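All of the numbers you see were taken from the coordinates with simple rules; none came from a lab. What you see is a predicted model, and the numbers here were worked out from it, not measured in a lab. Neighbour counts are summed over all protein chains in view; Cβ atoms, including those assigned to glycine, are modelled from backbone coordinates with ideal geometry.
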Amino acid sequence: MSDFTIPKFRLPGFVATLGQKLPQWPHGLALVAGLNAALKMKLLPESELAALEDKIFRVQVLDTGGTAHFTYRGGLFRPVFRLEREPDLAFAANLSAFLQLLARQEDPDTLFFKRELEITGDTELGLMVKNMLDAIEWPSMPKLPLLTR
């Protein structure tokens with residue numbers, strides 16, 4: 001049995017058009033909840049986190065129209081509801097690229113050079129965040145048995 005792979009896909013244009021009209025704050029809350037869970041599980045390298053203090057990040061999912069802004073302050077990731085300055089680091093990609101990153105099916109360098117992941121802002125900070133993400137040891141999930149009819 002082969003592992004499931006996430007195909008490259010792009011959602012229809014109307015999804016992004018509709019998504020851009022919706023409130024964006026829930027995206028920030030959801031992303032921050034996941035990042036803080038990773039902190040609590042000690043998946044993120046603590047030695048690197050101090051460099052993220054008061055930096056503003058943007059994650060934009062192009063084909064859904066969703067954008068999340070967040071910062072790291074006082075030992076926690078926090079959503080940013082009102083931007084007072086441009087983000088220090090921004091990532092933009094389609095949903096499939098982000099899913100492939102999370103599943104470790106693709107690495108950020110490959111997606112970047114294929115022009116499927118856009119990274120803008122502080123280059124040094126971007127490299128540090130990329131290295132942090134590469135260093136994460138995801139807990140292994142138990143394999144589910146195949147369901148048969």
Seminar exercise, completed: Place a point 7 Å from the Cα of ARG82 in the direction of its beta carbon; the residues of segment 11-55 whose amide N falls under 18 Å from it are 23-26, 28-29
Exercise. Taking LYS40 as the anchor, which lysines have their alpha carbon closer than 28 Å to its alpha carbon, excluding any fewer than eight residues away along the same chain?
Worked result: LYS55, LYS130, LYS143
For this session: Could you list which residues have their amide H under 5 Å from that of THR64, counting only those 5 or more apart in sequence or on another chain, with H placed in the peptide plane?
Result: LEU95
For this session: Quick one: order GLU137, GLU106 by neighbouring beta-carbon count within 10 Å, fewest to most.
Result: GLU137, GLU106
For this session: With only alpha-carbon atoms counted, please give the Rg and Dmax of the chain, in Å.
Result: 16.3, 56
Exercise. Which residues in segment 96-121 place their backbone N less than 14 Å from a point set 7 Å from the Cα of ILE136 along the Cα-to-Cβ direction?
Worked result: 98-108
Exercise. Arranged by the count of other C-beta atoms within 10 angstrom, fewest first, what order do MET128, MET41 take?
Worked result: MET41, MET128
Problem set entry | Value of relative contact order over segment 13-135, rounded to a whole percent, pairs C-alpha under 8 Å and six or more apart | 25 percent
Exercise. Which order do PHE81, PHE98 fall in if you start with the one that has the fewest other Cβ atoms within 10 Å?
Worked result: PHE81, PHE98
Exercise. Which distance in Å, rounded to a whole number, links the C-alpha centroids of segment 55-123 and segment 5-21?
Worked result: 16 Å
For this session: Read phi for every residue in segment 28-33 and hand back ³J(HN,Hα) as whole Hz from Karplus 6.51 cos²θ - 1.76 cosθ + 1.60, θ = phi - 60°, with x for Gly and Pro.
Result: x, 4, 5, 5, 5, 4
Problem set entry | Evaluated over segment 13-96, the Cα radius of gyration and Dmax, each in Å | 13.4, 42
